[in-house]
Amino acid sequence: MSEQQSVLRSSAVMAAGTIVSRLSGYVRSILLAAALGNLIHADVFNIANTIPNMLYILLAGGVVNAVLVPQLVRAMRRDPDGGAAYTSRVLTLVCAFLGVVTVLLVIAAPWLMRIFVSSDWSEESFESCVMFARLCLPQVFFYGMFVLVGQVLNARGRFGPMMWAPIINNVVAVGTLVVYLVVFGADDAKAEGFSAGREWLLGLGSTAGIVAQLLVLVPYLRAAGVSLRPRWDFRESGLGHTLRLGVWTVLFVIVNQIAYAVVVRLASLGTAGRTSEGAGYTVYSSAFLIIMVPHAIVTVSIATAILPRLSAAAAAADARGLARTLAPTLRTALALVVPFAAVLPFVARPMATVIWGWGAAAPTVDNYVAPLALFGGGLVAFTVHYLVLRGFYAREENRVVFAIQCAVALTNVVVALVAVHAVEPRHVASALVIAYTTSYAVGACLSYGVLSRRLGGLRTPVLVRFLVRLVVAVAVAAGVCALLLLAVPWLGDASGVALSLVKGGVIGLVFLAVYLGMGRALRIAEVDGVIDGALARLGR
């Protein structure tokens with residue numbers, strides 16, 4: 001078995017759990033759109049429910065993932081007690097910190113939401129958003145503890161619980177939305193506020209899901225032999241040294257979240273006012289959720305599979321070995337992601353109708369079409385950027401990653417500010433997509449160029465030849481789909497969920513068949529590898 005086949009096989013195994021989790025998340029997205037729509041009514045809840053995760057990542061996420069987790073692994077290997085005391089101290093410290101911060105955030109909710117929503121919002125919309133924030137901000141504590149407990153389990157070789165626990169959150173969220181639809185029905189998408197009953201049901205239901213995904217990990221934590229008794233003896237425990245590590249990764253997280261906070265505020269301009277049918281944060285985030293399907297299933301799985309090889313090559317100072325692993329992996333990811341991006345303009349409308357053409361969102365389902373169609377370019381740029389950064393992480397060059405991400409964030413903010421204020425409200429989400437695409441195009445060029453120079457090359461001539469053949473294959477597939485729409489007019493005019501499902505399915509299958517055929521004809525090895533791997537699995 002070749003190295004690339006091994007990567008694909010490992011990636012496929014890890015992708016299975018991701019698919020299940022994502023699918024349950026998409027059911028939640030569908031029900032949320034059916035219940036609230038995609039205008040101001042939905043933005044009031046969605047922005048408030050997004051802030052806790054953003055704040056957790058901003059305040060503690062970088063420290064937990066980049067600093068505490070590696071130190072937990074070292075403590076397990078170094079300390080006579082297998083890191084038990086160190087782990088208890090970390091759990092106590094993070095629990096206390098998050099508890100205090102969460103209480104302060106709930107108190108400060110009115111001032112906090114002024115940062116994230118447009119001043120053009122009515123008082124009714126703002127007050128409902130603040131109420132949702134008060135009910136959802138306790139999630140900061142539970143998000144933080146979930147990630148920390150999950151990483152403690154990962155450090156002890158128990159990877160399954162953290163992968164599957166988010167499904168519990170989605171199940172609770174889906175149950176909450178089903179109850180909401182049964183009790184209240186589909187809301188008026190232009191309604192600027194919520195009744196108290198609606199606020200309590202949605203707010204507490206959302207927070208209950210985050211609580212549930214943490215609680216499901218506790219039995220596994222006990223089974224792993226981790227003591228849940230608090231330890232307050234922090235002096236001379238090594239935690240001071242721990243918190244001084246990973247500063248560049250923490251700064252990377254902070255820069256990303258500040259840029260995203262700007263995006264959220266700009267997105268709220270799209271739906272300000274009861275008469276607005278603009279596309280704001282709900283449309284942008286929902287389209288982004290769909291676009292991240294190939295990233296979560298393909299790119300993340302491939303990156304996870306190659307990371308040990310990249311780290312081994314970096315540890316051995318084998319620059320050529322690192323390039324040999326990263327370069328073909330990048331081509332494999334692009335062979336899967338580029339066709340997905342290319343088919344989006346053809347299937348954006350039927351996809352939007354099938355996913356969100358229900359309930360309160362049905363009258364304004366077209367709001368999703370342009371952002372979906374435009375997001376493909378951003379996905380390709382982000383894929384390149386994401387994979388190349390794995391090379392920097394393997395070489396422990398986090399300072400370089402931070403500098404590149406500053407350029408990405410700055411580009412995103414500047415382009416978003418200009419684009420959003422240059423368009424009508426109905427195009428706000430599309431303007432933010434253009435800003436996202438531009439920023440990651442800058443990031444991809446910078447990261448690829450810098451790493452290529454440091455490694456003495458990333459086999460760029462091979463990549464260019466591959467891209468030429470890939471573009472030809474994709475262009476032929478896109479041309480066939482365009483001719484199909486001209487030859488079969490009803491496909492282009494299809495409306496309604498059932499016909500849209502048929503249209504999207506037909507176009508997708510035709511595009512896939514032509515693309516795979518062209519991949520074979522042009523001898524694109526990466527496409528052949530995907531076909532051979534799929535056929536082998538079907539045979540088994």
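Within segment 350-367, is even one residue modelled with pLDDT under 95, within 29 Å of LYS190 (Cα to Cα) and hydroxyl-bearing (Ser, Thr, Tyr)? Full working, then the answer.
Going through segment 350-367, the residues modelled with pLDDT under 95 turn out to be 350-367.
From what's left, within 29 Å of LYS190 (Cα to Cα): 350-367.
From the residues that got through so far, the ones that are hydroxyl-bearing (Ser, Thr, Tyr) too are 353, 364.
Yes; the residues of segment 350-367 include at least one that is modelled with pLDDT under 95, within 29 Å of LYS190 (Cα to Cα) and hydroxyl-bearing (Ser, Thr, Tyr).
Quick check: anything in segment 67-83 at pLDDT 85 or above and open to solvent by less than 10 Å² (accessible area, probe 1.4 Å)? Walk me through it before giving the result.
If we filter segment 67-83 for residues that are at pLDDT 85 or above, which is where we start, we get none.
So far as segment 67-83 goes, no, none of its residues is at pLDDT 85 or above and open to solvent by less than 10 Å² (accessible area, probe 1.4 Å).
Has segment 287-297 got at least one residue that is over 21 Å from ILE524 (Cα atoms), in contact with a Phe, Trp or Tyr (Cβ under 7 Å, 6 or more places away or on another chain) and open to solvent by less than 10 Å² (accessible area, probe 1.4 Å)?
Within segment 287-297 (the criterion being over 21 Å from ILE524 (Cα atoms), in contact with a Phe, Trp or Tyr (Cβ under 7 Å, 6 or more places away or on another chain) and open to solvent by less than 10 Å² (accessible area, probe 1.4 Å)), the answer is yes, since at least one residue qualifies.
Kindly indicate the residue of segment 513-524 that is crowded, with 18+ Cβ neighbours inside 10 Å and in a helix (DSSP H, G or I) and also modelled with the lowest pLDDT among those meeting that condition.
Restricting attention to segment 513-524, the residues satisfying the condition of being crowded, with 18+ Cβ neighbours inside 10 Å are 514-516, 518-519, 524.
Pick out the ones that are also in a helix (DSSP H, G or I) and you get 514-516, 518-519.
Numbers: VAL514: 94, TYR515: 93, LEU516: 91, MET518: 92, GLY519: 88.
Ranking the qualifying residues of segment 513-524, first place goes to GLY519.
Looking at segment 203-223 only, could you name the residues that are under 19 Å from PRO161 (Cβ atoms), open to solvent by less than 50 Å² (accessible area, probe 1.4 Å) and of a type outside the set (A, V, I, L, M, F, W, C)?
GLY209, GLN213
When segment 314-347 is examined, which residues are found to be part of a helix (DSSP H, G or I), open to solvent by 40 Å² or more (accessible area, probe 1.4 Å) and charged (D, E, K, R)?
Once the filter is applied, which keeps residues that are part of a helix (DSSP H, G or I), open to solvent by 40 Å² or more (accessible area, probe 1.4 Å) and charged (D, E, K, R), segment 314-347 yields ARG320, ARG324.
Confirm whether GLY443 is under 16 Å from VAL380 (Cβ atoms), assigned to a helix (DSSP H, G or I) and of a type in the set (Gly, Ala, Ser).
yes
Please count how many residues of segment 446-467 are in a helix (DSSP H, G or I) and either more than 23 Å from ILE524 (Cα to Cα) or within 29 Å of the chain's Cα centre (by Cα) (or both). First the steps, then the outcome.
Taking segment 446-467 first, the residues in a helix (DSSP H, G or I) are 446-455, 460-467.
This time we only want the ones that are either more than 23 Å from ILE524 (Cα to Cα) or within 29 Å of the chain's Cα centre (by Cα) (or both), so: 446-455, 460, 463-464, 466-467.
Qualifying residue count, segment 446-467: 15.
Please state which of the following conditions VAL152 fails to meet, knowing it meets all the rest: (1) open to solvent by 20 Å² or more (accessible area, probe 1.4 Å); (2) touching a residue at least 60 places away in the same chain (Cβ under 8 Å); (3) assigned to a helix (DSSP H, G or I).
Of the numbered conditions (1) open to solvent by 20 Å² or more (accessible area, probe 1.4 Å); (2) touching a residue at least 60 places away in the same chain (Cβ under 8 Å); (3) assigned to a helix (DSSP H, G or I), the odd one out for VAL152 is (1).
Return yes when SER29 is in a helix (DSSP H, G or I), at pLDDT below 90 and either under 22 Å from LEU181 (Cβ atoms) or open to solvent by 50 Å² or more (accessible area, probe 1.4 Å) (or both) and no when it is not.
Numbers: in a helix (DSSP H, G or I): yes; at pLDDT below 90: yes; either under 22 Å from LEU181 (Cβ atoms) or open to solvent by 50 Å² or more (accessible area, probe 1.4 Å) (or both): yes.
Yes: the conditions hold for SER29.
Restricting the search to segment 464-512, which residues are of a type in the set (A, V, I, L, M, F, W, C), over 30 Å from ILE30 (Cβ atoms) and surrounded by fewer than 19 Cβ atoms within 10 Å (Cβ to Cβ)? Before the answer, list the steps.
Step one: list which residues in segment 464-512 are of a type in the set (A, V, I, L, M, F, W, C), which gives 464, 466-468, 470-478, 480-488, 490-491, 494, 497-499, 501-502, 506-507, 509-512.
Within this subset, residues satisfying the condition of being over 30 Å from ILE30 (Cβ atoms) are 464, 466-468, 470-473, 475-476, 480, 483, 486-487.
Selection gives VAL464, LEU467, VAL468, VAL471, VAL472, ALA475, VAL476, VAL480, LEU483, LEU486, ALA487.
Any residue at all in segment 420-431 that is assigned to a helix (DSSP H, G or I), more than 19 Å from ALA373 (Cβ to Cβ) and either of a type in the set (Ser, Thr, Tyr) or open to solvent by 40 Å² or more (accessible area, probe 1.4 Å) (or both)? So that I can check it myself, show each step before the final result.
To start, the set of residues in segment 420-431 that are assigned to a helix (DSSP H, G or I) comprises 420, 425-431.
Of the ones still in play, those that are also more than 19 Å from ALA373 (Cβ to Cβ) are none.
No - not one qualifying residue is present in segment 420-431.
Working only within segment 348-385, note down all residues that are open to solvent by less than 30 Å² (accessible area, probe 1.4 Å), among the aliphatic types (A, V, I, L, M) and either under 29 Å from PRO328 (Cβ atoms) or not in a helix (DSSP H, G or I) (or both).
Of everything in segment 348-385, those that are open to solvent by less than 30 Å² (accessible area, probe 1.4 Å), among the aliphatic types (A, V, I, L, M) and either under 29 Å from PRO328 (Cβ atoms) or not in a helix (DSSP H, G or I) (or both) turn out to be LEU379, ALA381, VAL384.
Taking segment 351-368, which residues are β-branched (Val, Ile, Thr) and within 12 Å of PHE288 (Cα to Cα)? Reasoning before the result, please.
Taking segment 351-368 first, the residues β-branched (Val, Ile, Thr) are 353-355, 364-365.
Selection gives nothing.
Pairs only if they're at least six apart or on different chains, beta carbon under 6 angstrom, first in segment 200-213 and without any contact (Cβ under 8 Å) to a residue 40 or more places away in the chain, second surrounded by fewer than 18 Cβ atoms within 10 Å (Cβ to Cβ) and of a type outside the set (Phe, Trp, Tyr); list them, first residue then second.
Close Cβ pairs satisfying both conditions: none exist.
For residues in segment 366-405 being hydroxyl-bearing (Ser, Thr, Tyr) and within 17 Å of the chain's Cα centre (by Cα), which is nearest to PHE252 (Cα to Cα)? Step through it out loud before you land on a result.
Going through segment 366-405, the residues hydroxyl-bearing (Ser, Thr, Tyr) turn out to be 368, 383, 386, 393.
Add one more test, that the residue is within 17 Å of the chain's Cα centre (by Cα), and what stays is 383, 386.
Details: THR383: 18, TYR386: 13 Å.
This residue is TYR386.
The values are calculated or read from the model by the stated rules, or taken from the named source; none is laboratory data. Quick caveat: nothing in here was measured; it's all calculated off a predicted structure. When we count neighbours, we look across all protein chains shown, and the Cβ atoms used for this are built from the backbone with ideal geometry, even at glycine. Keep in mind that these areas ignore ligands, DNA and RNA; they rest on the heavy atoms of the full protein, side chains included. Shrake-Rupley method; radii C 1.70, N 1.55, O 1.52, S 1.80 Å.
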